[in-house]
There are 2 protein chains.
Amino acid sequence: MKDEGGPKDLNRRRLLLAAGAASVLATRAPGAVALPSSRVPAWDQEVDVLVAGSGAGGTCAALEARRAGASVMVLESLAVPGGSSSLSGGVVYAGGGTALQRALKIEDSPEAMFDFLIRAGTPNPPRDKIQLYCEQSPEHFAWLVAQGVPYTEKFTADKGLPMGDESLYFSGTEQAWPARDYARPAPRGHVPGVVGMNGGRTLMEALHGQLRAAGVKIRTRVAMKQLVIESDGRVSGAVVHSSVGKKYLRARRGIVLACGGFVHNRDMMVQYAPHLSRCSVPWAGAGDQGDGINMGIAAGAASLRMHEGFAVAPIYPPENTIPAILVNASGQRFISEDSYHAVIGHSIAYQQQGKAWLITDQESAYQSVQDNFPLAAKSNSMGGLAEQLSLPRGALQNTVAYYNRYASKGEDPMFHKSVDYLRPLQGPPYKAWDISVDRAFFAAHTLGGLATNLNGEVLSSFGELIPGLFAVGRTTAGIPTAPYIASGLSVGDATFFGRRAGRVVAGLAPDGGGRA
Amino acid sequence: MKDEGGPKDLNRRRLLLAAGAASVLATRAPGAVALPSSRVPAWDQEVDVLVAGSGAGGTCAALEARRAGASVMVLESLAVPGGSSSLSGGVVYAGGGTALQRALKIEDSPEAMFDFLIRAGTPNPPRDKIQLYCEQSPEHFAWLVAQGVPYTEKFTADKGLPMGDESLYFSGTEQAWPARDYARPAPRGHVPGVVGMNGGRTLMEALHGQLRAAGVKIRTRVAMKQLVIESDGRVSGAVVHSSVGKKYLRARRGIVLACGGFVHNRDMMVQYAPHLSRCSVPWAGAGDQGDGINMGIAAGAASLRMHEGFAVAPIYPPENTIPAILVNASGQRFISEDSYHAVIGHSIAYQQQGKAWLITDQESAYQSVQDNFPLAAKSNSMGGLAEQLSLPRGALQNTVAYYNRYASKGEDPMFHKSVDYLRPLQGPPYKAWDISVDRAFFAAHTLGGLATNLNGEVLSSFGELIPGLFAVGRTTAGIPTAPYIASGLSVGDATFFGRRAGRVVAGLAPDGGGRA
């Protein structure tokens, strides 16, 4: 500490400067929480139900609220409605015997669906939401059909979102170990029957069409920025911003926050979801700025699972890569390569320090521009490959020898890869593809959000309601948790609980029965 | 779905019942958030500063606030003051050239301490807090000495909390790989120089003595239960419960929440920290019920890192076990066995699905009642051991062969265990000790909590202050993150930021200078 002027002193100055900069954060600022209604100069407009966000969750909530007789206004911060849902594959995870499953002679039950969802994911799944979702899944799918979402009676056994017009596929990790031991696998990915990556747009066009028919308009380029709260804690309105300035909107019955997650809010990502923040591609519509979550927290809501996310390592398609092996920075395998790619992505992002490589042989290498991954090394020997990757000496060779020894007998004692994809690694050239979170096309979005009950009502950390406040979709901590075990859970959760929130905020029972 | 009355129907009924039970949560309840001051019938008492909690953080805050001239009241929900701090080892992580380090000719710098703390733990450490903590660490240690906390000029190189009267030791993972490559290791565990596990009690006796001398009383068996908030969002008082009923206490300058974490609140554990909730031993004083965190959230505070925790797999002492190897459920090694035991515990709890075994040989086995772990298997061959543990066929044998091959050359290419502990596993009997989170003595407490700035002021999710509200210690998301990389970070953080909060709530600058 005495060598003033030396490099240490420079370091010390740097530290002090940084600490000084950080303390700027301590500047006192007003208006940390929700705006007391006593400070609203005048309400510019009044409706029964105010919905922030026009994705799947907000749209379903608005639709059901309107059909229950409420006056409804939908706000969308962006110029184009639809949110992340319209950019997604449009998959809804449904089962337990949907009309489409039955038409295709697929056996399924709510119990098998429940067991899969409860056991294959996080250690603390939201049991109550999952139970209800499984029980009512056939009805929910029928409702989507009734809204005009087009589905074909076609199934595909291929892994990955169908690029043809098939409407049913295995969208998750049901067939991979250990999930296949938890419950009988069934295909539950229900996707609009349109060619290409157009499912989300198709889904949202149908739902928005219904919304228009019901007479509800979406106000684009209007962003909800602050909740207004009564002295008894009830949320009664909101401050919204648009090109014409700030307005105060009163919501007589309640507000539904459906603003998506926070993957595009860099500060929140670093603060709440550091593992996820390292993933290369924020994978959501531009509106996912965390506004809904932050407004809810400011009004006293609890937030759950804020560190969790969807993180996908899309090693397939093509499926010919699945006989290859995945290794971590220790040169060890860590998962079955036929797992759903978001289950693989979760392990890499959260459990393997963000680093992994796919080790391919002659047969399992990528062949074309569909590669999502940089080639990190190439060699005629495993030793050469390991050296280029700076893996621990001898580790990759040891891993491959062990793997090949059993694969040649049709066994994978460690991770039980399906025999459909199991064979020893064969001839060179061997290649290593970098599947690390910051190197590959590693898509990520957030799964944490506000605590809600089965009606989409927002809860405090004491488990009490915040009157007048609802939230749905990725603004909430819903059915999709980490690892994200199947495509369609997020849009499925948003539409299902969106509908329930819409009915309850309008005064109906959550299942649409008589007045609550 | 048609086999009414069969087992599936039973399952179905079970599901419906469970869903019905869950919906009880949806019952509307009043008072979700903080109490509006308009509903306070009358203030029963007024002080400048109200502190909830009498552990290290609350005590330091109260002490500095009182010395700055404020009237201060400290509430303690339990019958005995001291909180988790008095049950702890009493270690304060300090460095950068403390008086004790200098007296013992230990070389250290704030930069080395900073580099270790920033790089060895979570991917998103709180840089600003860590910077300030490292810079002011020598001063903070001098303050503790000035309060009468007794330290001896003795150092021990043994791993683990000194049971003799030594006051300085390597309390963290500084010497293990990869941390030892990040910064020059230095011993920074400063512990009161008393024999046995009495450091925490000794530390708190000194601090409570100062508090008494300053004329501040601790009101035991009085629990703060709800914050009172003005219409402008300012926190102005609290509702407290005791044997004489409910009282309303006004805090003219502010409230300091210092109520510890939430490891003893089972609902919160399952909801916020599911990985941690599986650990066998909640390791904190009985007051760690999450009240402070919940009150803060209800007042609009952001909460951070709520899933993170301290989880310890105390494989040492004795140190003779460190030459053994740790394996996960795949039969693979996953960490260097000479890592700090909370770094090992974190990996097991969060990255290895909660399961691990210590595989010992003749020399490395536990010999006495100091074992914290059940013996899971014993055999004269690794194959026999693996079979008893149901490990993947051939995996443990493969791991041991690889490990021994390099260990016999004095190398550990995978995890770089220190040569002090590195040798091939030798003769039988081989034993496997179950280090799984729910089998071993696996101690855990929470590290997540309220977002605060460098002054202990509580922040909303928008980064704005909640006026009048402060929090310190494990009620906040502070310096200790997961993995918990060194003993003394929690008490160090609580005392350091407790002092700052005490000065600021009383109206001084945080470093104790003139009025802010």
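The values are calculated or read from the model by the stated rules, or taken from the named source; none is laboratory data. All values reported here derive from a predicted model rather than from experimental measurement. Methodologically, a virtual Cβ is constructed for each residue, glycine included, from the backbone with ideal geometry; neighbour enumeration extends over all protein chains shown. Note: accessible area is taken over every heavy atom of the protein model, side chains too, but ligands, DNA and RNA are not part of it. Shrake-Rupley method; radii C 1.70, N 1.55, O 1.52, S 1.80 Å.
The figures follow:
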{"quantity": "Counted residues, the range A:276-290 - those being touching a residue at least 24 places away in the same chain (Cβ under 8 Å) and open to solvent by less than 40 Å² (accessible area, probe 1.4 Å)", "calculated": "8"}
{"quantity": "Unmet criterion (only one of (1) in contact with a His (Cβ under 6 Å, 6 or more places away or on another chain); (2) farther than 30 Å from residue A:143 by Cβ; (3) of a type in the set (Gly, Ala, Ser)) for residue A:223", "calculated": "(2)"}
{"quantity": "Test result for residue B:56, modelled with pLDDT of 95 or more and under 18 Å from residue B:241 (Cβ atoms)", "calculated": "no"}
{"quantity": "Residues being among the aromatic types (Phe, Trp, Tyr) and either within 14 Å of chain A (Cβ to nearest Cβ) or assigned to a loop (DSSP other than H, G, I, E, B) (or both) - total across the range B:422-477", "calculated": "4"}
{"quantity": "Residue in the range A:298-324 that is most open to solvent (accessible area, probe 1.4 Å), counting only those that are within 14 Å of chain B (Cβ to nearest Cβ) and charged (D, E, K, R)", "calculated": "A:305"}
{"quantity": "Members of the range A:141-160 that are touching a residue at least 60 places away in the same chain (Cβ under 8 Å) and crowded, with 21+ Cβ neighbours inside 10 Å", "calculated": "A:144"}
{"quantity": "Helices (runs of 4 or more DSSP H) enclosed by the range A:65-121 - at least 3 residues per element that are out of contact with any Ser or Thr (no Cβ under 9 Å at 6 or more places or on another chain)", "calculated": "A:99-103, A:110-119"}
{"quantity": "Filter result (in a strand (DSSP E or B) and either hydrophobic (A, V, I, L, M, F, W, C) or within 12 Å of chain B (Cβ to nearest Cβ) (or both)) within the range A:276-286", "calculated": "A:281"}
{"quantity": "The range B:257-275, residues that are within 14 Å of another protein chain (Cβ to nearest Cβ) and open to solvent by 20 Å² or more (accessible area, probe 1.4 Å)", "calculated": "B:259, B:265, B:266, B:267, B:270, B:271, B:275"}
{"quantity": "Residue selected from the range A:376-410 under the condition in a loop (DSSP other than H, G, I, E, B) and open to solvent by 60 Å² or more (accessible area, probe 1.4 Å), by the criterion farthest from residue A:321 (Cα to Cα)", "calculated": "A:393"}
{"quantity": "Filter pass, residue B:492 being in the same structural domain as residue B:140 (by TED's automatic domain parsing), assigned to a helix (DSSP H, G or I) and in contact with a Phe, Trp or Tyr (Cβ under 6 Å, 6 or more places away or on another chain)", "calculated": "yes"}
{"quantity": "Given (1) under 25 Å from residue B:93 (Cα atoms); (2) assigned to a loop (DSSP other than H, G, I, E, B), number of the condition residue B:503 does not satisfy", "calculated": "(2)"}
{"quantity": "Some residue of the range A:32-43 being within 30 Å of residue A:166 (Cβ to Cβ) and open to solvent by less than 10 Å² (accessible area, probe 1.4 Å)", "calculated": "no"}
{"quantity": "Selection count where residues are of a type outside the set (A, V, I, L, M) and open to solvent by less than 20 Å² (accessible area, probe 1.4 Å), scope the range B:209-246", "calculated": "3"}
{"quantity": "Any hit, the range B:305-312, residues being outside any loop (DSSP other than H, G, I, E, B), within 25 Å of residue B:174 (Cα to Cα) and not aliphatic (A, V, I, L, M)", "calculated": "yes"}
{"quantity": "Conditions (1) in a loop (DSSP other than H, G, I, E, B); (2) out of contact with any His (no Cβ under 7 Å at 6 or more places or on another chain); (3) not small (Gly, Ala, Ser): number failed by residue A:289", "calculated": "(2)"}
{"quantity": "Residue in the range A:169-191 that is under 24 Å from residue A:63 (Cβ atoms), open to solvent by 50 Å² or more (accessible area, probe 1.4 Å) and out of contact with any Leu (no Cβ under 9 Å at 6 or more places or on another chain) present", "calculated": "no"}
{"quantity": "Search result, residues across the range A:394-413 that are more than 20 Å from residue A:315 (Cα to Cα) and touching a Phe, Trp or Tyr at 6+ places or on another chain (Cβ under 8 Å)", "calculated": "A:394, A:395, A:398, A:413"}
{"quantity": "Meets criteria (touching a Pro at 6+ places or on another chain (Cβ under 7 Å), open to solvent by less than 10 Å² (accessible area, probe 1.4 Å) and not β-branched (Val, Ile, Thr)) for residue B:447", "calculated": "yes"}
{"quantity": "Test: residue in the range A:361-375 that is under 20 Å from residue A:276 (Cα atoms), without any contact (Cβ under 8 Å) to a residue 40 or more places away in the chain and crowded, with 20+ Cβ neighbours inside 10 Å", "calculated": "no"}
{"quantity": "Residue that is farthest from residue B:353 (Cα to Cα), among those in the range B:411-437 that are aromatic (Phe, Trp, Tyr) and open to solvent by less than 30 Å² (accessible area, probe 1.4 Å)", "calculated": "B:415"}
{"quantity": "Residue match in the range B:58-65 (condition: open to solvent by 40 Å² or more (accessible area, probe 1.4 Å) and in the same structural domain as residue B:262 (by TED's automatic domain parsing))", "calculated": "no"}
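Conditions tested, residue by residue: (1) over 23 Å from the mean Cα position of the chain (by Cα); (2) open to solvent by 20 Å² or more (accessible area, probe 1.4 Å).
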residue	(1), (2)
A:74	no, no
A:87	no, yes
A:96	no, no
A:101	yes, no
A:107	yes, yes
A:112	no, no
A:115	no, yes
A:137	no, no
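Results for (1) in contact with a strand residue (DSSP E or B) (Cβ under 6 Å, 6 or more places away or on another chain); (2) more than 16 Å from residue A:484 (Cβ to Cβ); (3) of a type in the set (Ser, Thr, Tyr), shown as yes or no for each residue.
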position: A:339; (1), (2), (3): no, no, yes
position: A:342; (1), (2), (3): yes, no, no
position: A:351; (1), (2), (3): no, no, no
position: A:359; (1), (2), (3): yes, yes, no
position: A:362; (1), (2), (3): no, yes, no
position: A:367; (1), (2), (3): no, yes, no
position: A:376; (1), (2), (3): yes, yes, no
